[in-house]
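To start, the structure itself, in structure tokens.
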Amino acid sequence: MLAFLLATAVMIIRMRNLFAVVMLTGAFSLLTAGLFITLDAVDVAFTEAAVGAGITTVLFLGTLSLTTSREKPATHLPTLPLAVVLITGAALVYGTMDLPGFGDPAAAPHQYVMPEYVSGTETQIGLPNIVTAVLASYRGFDTLGEVGVIFTAGVGVLLLLNGGLGGRARRNGGEGAAPPVSAPTDKRKGPDRA
Amino acid sequence: MIAALKAHLPILLVAVPLFAAPLCALFRHPLFAWTVSMLVTAAAFAGSLCLLAMVMAGGPLSYYLGGWAPPWGIEFRLDAVNAIILVIVAGVGAVTMAYARASVGQEISRAAQPLFYTAMLLCLAGLMGVAATGDAFNLFVFLEISSLSSYVIIAMGAERDKRALTSAYTYLMMGTIGATFYVIGIGLIYTVTGTLNMADMAARIGELEQTRTIPVAFAFILVGLALKLAMYPLHLWLPNAYTYAPTVVTAFLAATSTKVAGYASLRFIYTVFAADFAFEERTLLFLFLPLGLVAMFASSAVAIFQSDVKRLLAYSSIAQVGYMVLGVSYGNVTGLSATILHLFNHALMKGGLFLAVGCVIFRTGSHSIDAFRGLGRQMPWTMAAFVIGGLALIGLPATVGFVSKWYLVLGAFERGWWPVALLIVASSLLAVIYIWRVVEIAYLQPAPAGVAVKEAPLSLLLPCWVLILACVVFGVYADPTVTIAETAAQSLFFDPGAGLPPMDGP
Amino acid sequence: MMMTPELALILSLAIPAIGALGIAVTGARPNLREAVTLLTAGALFAVVLWLLQHHLEGGVATLTVLNLLPNLPIAFTVEPLGLVFALVASGLWIVTSVYSIGYMRGNDEANQTRFYVCFAIALASAVGIAFAGNMLTLFLFYEILTISTYPLVAHKETPEAKAGARIYLGILLTTSILFLLTALIWTWFEAGTLNFRLGGILAGQIEGPAVAILFALYMFGIGKAALLPFHGWLPAAMVAPTPVSALLHAVAVVKAGVFTVLKVAVYIFGVDFLAESGAADWLLWVAAFTLIATSVIAVTKDNLKARLAYSTVSQLAYVTLGVGLATSMGIVGGTMQIVAHALGKITLFMCAGAIYVATHKTEISQMRGLGRLMPFTFGAFLLGSFSIIGLPPTGGAWSKWYLVMGAADTSQLVMIGVLMGSSLLAIAYLIPVVARGFFLPLSDQEDRPQPPGYEISTIRWSEMREAPIWCVVPPCLTAVLSVLVYFAAPTIAAFISPIVGQ
Amino acid sequence: MIDFAQVLSHYNYWVIITLMMTGLYIIVARGNLIKKIVGLNIFQVSVFLFYITISKVAGGTAPILTGDPDTVYSNPLPHVLILTAIVVGVATTALGLALVVRIKEAFGTIEEDDILEIEHALESETEPQA
């Protein structure tokens, strides 16, 4: 499955049709969700499928319908990005060398805080799903923050697309027709200058 | 009642703006939204001052959210370091909010104003959260709240100049990469320590110093935060974002956002990875020292050639971040105090300067250096504020800039790095050049014929002067700020993770 | 209300500051504004006199305001050296104010309110420097002085004025931030204090070449003392109106510079420590070179104010040379030189200004014969020149004398030669001005056939074309004062001798 | 130096790192603003994958209480974190896309190079004669 993921990612790089790219991204998310299930993360898998594969794709498609769906070919050599990526990747590989092996039950996260969550959920919360328990109680504030993030994004999208910025009126020029380039050259003529 | 309020003060500081924000969004009325924001920021400022007093008197405070003890629950930990950061954020927030009434009224359309204030409040809440929390992942969540809202409010500059959009986009890209790097770093640490509480991490990292994971995690967290901090050379998003954002936003973000990122870096460098950690020492010496110096000189030099005053100040900000980085690189208490002092001082002066430029924008509609011609006579109070703020940036005595510079140079002497000391003072001469360019144009060039510019209204001048006067007051009487900064530095330096509650089951 | 020393110290700073405010407020009504200026100047002088008397009675005046940095307060102390400087500055402010009023009105200059406000702030900072109790306080006022005089130098707002002001600010800020601030922090780092203490605070704290380096940082850092190669700001600032030049050269700015040099030598390093460590040896040579080189430049200048400017650079080097000698005689001579040069140079500048107001002439070559039209002005100029050259019966004679004595004490024969040579050069660049004024015919009368019996060397009262009286009386007054200083010199020497351990 | 067992137990990390870097590469190298956001998505999702991998305990089951005291559970904490992170990621994406829409409106293009060109033109237009 990991191999599939890789293949998808590489295809995304190669593709120029943004429409296809977006579809592939959705597929990428779905694949990840599948992986999550095999890794025992059912809640996450569900969320990823719904949010990552679903909502995100819808958002992308919406954007595409408002903008354009072709990507221009790159004009410059990707040497610098490659270098950045390779160095970062190398650093990460180096860093993971000393990580506990995959699925190692003796790894620190499973030894230290986690057992108390398990026992605590039983005795203190009384919910069967530990993830929900931690989410809602132990780390409830993260969840509150999460709500804050969604709210922020909502406000942001509303502001950007609807709220002001000259309002919708300016957008009546039609899709793709950019409003006239108005440089802030001579605002000295404003009423305050009178 | 008071006691309960006091006991829950840490969470209230974050929660009140967070919950007030929807209120603004719900009642779509500009004046209402502003009033709510103003009250909330003023209350947050009062609360943060109160908190600072409590911390200075009684030592670090720990607040368990929902009553769950760390490392299971999320903890807010407050010591002198983040208490002072909270004061900066809330204080500048309150001042800029007072300023916003007139400035936003002119720069942003009425329909968008309520949501704009909502976003401002969210940004404030996020920044306060980052500063207050003691949990590494919780920090990420708050960081994202503040970042997302700052992308939005920067983009609001698009009503005046569409380039605000692209700068917000660039910031979003770099900011998200930074945040993701941060998450990767946290993931690595979590994998080896099993905890997300910063103080707890610190305690458990001690045994793991030799692993290869820790340095890499350190690097990722640092790069992530440095992107937010606009540390040279990861500053590319900053000049445009500051230039095209609405005035209020620029002043607010310049004074708070980079400061909070700076704080978070300090927290990780000193509390989570104790400073005697050998890898870190090398990082400080070989990375921070040169980068700090390069930032100071390169960005100041670039600032000299800017024809846009906001951009000029933006580059100067990057240079000032260089000073902060330099202070950290000393690896001694004096240097660290200098950094913390400069976090505070720079917030005052840059905030004041951007507000002064805002007054000019308000009257002339432009932030090009040309718009400043003859303003010395036409807008005497505004320009006087600009001059004093500029002098503080240069670091002349009786201003806050002097105090930071003093400790920065003193730290260099303590370290025996006298060439660095000379470089610091030399770099402030570059500030003389770029500030004086503006001053000369404002005072010694005749105003363009035929246009009369009035002095900015009081509602703009007052907030601006509050910050500028603070520059002078804390420059002449730096005793309290220095004491706080030194306490903060001591606590960062000598007892990482001190006062951690005993690790029993919940 | 009882006058206490603390109150007097506060007043000495507050009066000019409040004066500045008052001037700003009354800016729209010139007469009232000028009255405020004069009143302020008078009040300040009175307070300083009170402090002098208090000091002579053995009283101690100190004042600690608040901690700028922990353990580093803004503090003030009255001591002889500072008193001398404060007296010179505040006393000459009265004279300059009177003169400025005549000059500014005579020339119908713009921005007069700004001019008087900045002047008052400059005076406040000069007093702050004079009474500073530690190096940090001194530095604080030193920088305020720099900033507050910048608008004065740029007063005319012409491109030349802007360029001159830029150089002025550039050099003064560069040196003070780059060297002086570094020196300050270094001192704090080594000695743990910046308080002025007799015998110095650095003695025993620092040794080896570091002493000389630190001393050099101080000496070059005090850009206002105009030691080569950081003298360029003085000639550049010549674009300013004459009263400003008087302020720069005589009242506050350069005096603040050399005063700081003396302070550093006496209270930071200590004369004995300087002499022992030999850290100041190089200074002698730099000062000597400055002295001679700028005198030579002065001779070549035709513009009167430029000539006077280079003369100032050269005269300031006398003070620095006194410090370089590192003997008590040198310090006494340096202090005397502050007084004498202040009186002498202010006279010369005011005369130059008076000539400009009356005839709009700036070049020496144009000034032939003017002496007969303006006998008082040129008479004052002559006395001022005497003081600069060091001829009796003027104050300058004593300062030069003490310096020569100091040089003799330390067997610096070369320095004696330098001092003598420089006096000769001073004769060469000052006396011709007067001589041309009195003994050559007026330039525009040369071609005209003279009426019979016309003696070119007689003064014709009927043809007098003096500048307005407010421009003429002040230089005459200062000229007389420089003569009086000649007789008061032993008193002054006795007054400051405690600080040099005699 | 690296023994085979370690490679086996760590290869999953490395694949994930490769994925991350693919995402990062798209962000940095590609000029299309939408494509960049796609890259960002891939980058973030790979990080999520990394966290979930950490949480896996060999032989464990999903962290839902079974009532059997001997059950080995996978670690729930990373799951919680990633739930939060997914939402944050989507919020960022939404905001980024909204910006793209606005940029398209304002500049008429969503290619970085074209935008830079337009901005450059604006720059020289507003540049003062000095």
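The values are calculated or read from the model by the stated rules, or taken from the named source; none is laboratory data. Quantities reported herein were computed from a predicted structural model and do not represent experimental measurements. So basically every Cβ, Gly included, is an ideal-geometry build from the backbone, and we count neighbours across all protein chains shown. Keep in mind that these areas ignore ligands, DNA and RNA; they rest on the heavy atoms of the full protein, side chains included. Shrake-Rupley method; radii C 1.70, N 1.55, O 1.52, S 1.80 Å.
Classify the stretch B:133-215 from the C-alpha gyration tensor, please: rounded if a/c falls under 1.5, else prolate or oblate depending on whether a/b exceeds b/c. Here the stretch B:133-215 falls in the prolate category. For chain C, relative contact order (Cα pairs under 8 Å, six or more residues apart, normalised by length) works out to 14 percent.
In whole angstrom, the stretch D:4-126 maps to an equivalent ellipsoid with semi-axes of 42, 18, 7, each derived as √(5λ) from the alpha carbon gyration tensor and ordered largest first. Projecting the Cα positions of B:M174, B:Q490, B:F386 onto the charge dipole of chain B (unit charges on Cβ atoms of Lys, Arg, Asp and Glu, taken about the Cα centre) puts B:F386 furthest along the positive direction.
Taken over the stretch B:430-487, the percentage of Cα pairs per 10 Å bin, counting from 0 up to the bin with the maximum distance, is 17, 25, 38, 15, 5, 1. With the simple model of a label 7 Å out from the Cα in the direction of the Cβ, C:E6 to B:V451 spans 5.3 nm. Here the simple spin-label model places points 7 Å from the Cα toward Cβ, and for C:L198 and C:A428 these points are separated by 4.3 nm. You can think of it this way: the chain between C:M420 and C:I18 has 140.2 nm of extra reach, that is 0.36 nm per residue less the Cα-Cα gap.
Counts of other chain beta carbons within 10 angstrom of each beta carbon in peptide B:108-114 average 5. Can you give me the angle between helix C:5-25 and the longest principal axis of chain C, using Cα atoms only, in degrees from 0 to 90, rounded to the nearest 10? On a 0 to 90 degree scale, this one is about 40. At each listed q (0.13, 0.14 Å⁻¹), what is the log10 of I(q)/I(0) that the Debye formula gives for the stretch A:1-71 modelled as equal alpha-carbon point scatterers? For the stretch A:1-71, the Cα-only Debye profile gives -0.39, -0.44. Relative to the first principal axis of the alpha-carbon coordinates of chain D, what is the inclination of helix D:112-126, with its axis defined by its Cα atoms, in degrees from 0 to 90 and to the nearest 10? Around 40 degrees separate the two axes. Can you pull the Rg over Rh of the protein assembly as shown, Cα-only, Kirkwood? We get a ratio of 1.06 for the protein assembly as shown.
Taken along the Cα-to-beta-carbon direction at a fixed 7 Å, the label points for B:S459 and C:D281 span 7.1 nm. Separation of the alpha carbons by more than 29 angstrom is noted, of B:K405/C:K345; C:K255/C:K305; B:K454/C:K162; C:K263/C:K400, for B:K405/C:K345. The stretch C:128-168 and the stretch C:293-328 have Cα centres spaced 21 Å apart. The orientation-averaged projection of the convex hull spanning the C-alpha atoms of the stretch B:361-468 amounts to 7.4 square nanometres.
Each 10 Å bin from 0 upward holds the following percent of the Cα-Cα pairs of the stretch C:333-421: 17, 38, 25, 15, 4. Only protein heavy atoms count here, probed at 1.4 Å, and on that basis chains D and B bury about 3200 Å² of accessible area in total. For the protein assembly as shown, the mean residue ellipticity at 222 nm estimated from helices alone is -23000 deg cm²/dmol, where every DSSP H run of n ≥ 4 contributes -39500 (n - 2.57) and the total is divided by all residues, rounded to the nearest 500. Taking amide H atoms as placed 1.01 Å from N in the peptide plane, the amide H of C:F76 lies under 5 Å from those of C:L63, C:T64, C:V65, C:G133, each 5 or more residues away in sequence or on another chain. Peptide B:355-367 has a mean of 2 when you count, residue by residue, the C-beta atoms of other protein chains within 10 Å of its C-beta. Per-residue 3J(HN,Hα) values for the stretch B:191-201, derived from phi via the Karplus relation 6.51 cos²θ - 1.76 cosθ + 1.60 with θ = phi - 60°, read 4, 8, 10, x, 9, 10, 6, 5, 5, 5, 3 Hz in sequence order (x marks Gly and Pro). The length gained by stretching the chain between C:A293 and C:S497 to full extension, at 0.36 nm per residue less their Cα-Cα distance, is 70.3 nm. Between the stretch C:369-392 and the stretch C:14-84, what's the alpha-carbon centroid distance in Å? Comparing the Cα centres of the stretch C:369-392 and the stretch C:14-84, I get a distance of 33 Å.
Between B:F32 and C:V25, the C-beta separation translates, for a Förster distance of 60 Å, into a calculated FRET efficiency of about 0.90. Given bins 10 angstrom wide, list per bin the percent of all Cα-Cα distances in the stretch B:266-380, short to long. Percent of pairs per bin, in order: 14, 35, 26, 16, 8, 1. Each Cα pair under 8 Å and six or more residues apart adds its separation to the average, and for chain D the resulting relative contact order is 21 percent. Computed over the Cα atoms of the stretch C:1-144, pair by distinct pair, the Kirkwood hydrodynamic radius stands at 15.6 angstrom. Across the stretch A:1-71, the relative contact order, built from alpha-carbon pairs under 8 Å that are at least six residues apart, equals 38 percent. In a reduced charge model with +1 at each Lys and Arg Cβ and -1 at each Asp and Glu Cβ, the stretch B:66-153 shows a dipole moment near 300 debye about its Cα centre.
For chain C, the normalised intensity computed at q = 0.08, 0.12 Å⁻¹ comes to -0.45, -1.03 (log10 of I(q)/I(0), Debye sum over alpha carbons, equal scatterers, no solvent). Note on B:L26: accessible area approximately 130 square angstrom, rounded to 10, probe 1.4 Å, nucleic acids and ligands left out. In a simple Cβ point-charge model (Lys, Arg +1; Asp, Glu -1; nothing else charged), the stretch B:350-418 has a dipole of about 100 debye relative to its Cα centre. In a simple Cβ point-charge model (Lys, Arg +1; Asp, Glu -1; nothing else charged), the protein assembly as shown has a dipole of about 3700 debye relative to its Cα centre. Applying D = kT/(6 pi eta Rh) to chain B, where Rh is the Kirkwood radius over alpha-carbon pairs, T corresponds to 20 °C and eta to 1.002 mPa s, the Stokes-Einstein value obtained is 95 µm²/s.
For a distance above 24 Å, tell me the whole-number percent of Cα pairs in the stretch B:276-495 that qualify. Cα-Cα pairs in the stretch B:276-495 separated by more than 24 Å: 43 percent. Here the protein assembly as shown exposes an accessible surface that is 68 percent carbon and sulfur, computed with a 1.4 Å probe and the other protein chains kept in place. Once the C-beta distance of C:R465 and C:A46 is scaled by a Förster radius of 35 Å, the resulting FRET efficiency is 0.45 to the nearest 0.05. The peptide list C:349-355, B:84-90, B:464-470, put in order of mean Cβ contacts within 10 Å with the highest first, becomes C:349-355, B:84-90, B:464-470. The mean number of partner chain beta-carbon atoms within 10 angstrom of a residue's beta-carbon across peptide B:172-185 is 6.
When the charge dipole of chain B is built from unit charges on Cβ atoms (+1 for Lys and Arg, -1 for Asp and Glu) and taken about the Cα centre, the candidate among B:T243, B:G105, B:P60 whose Cα reaches farthest toward its positive end is B:G105.
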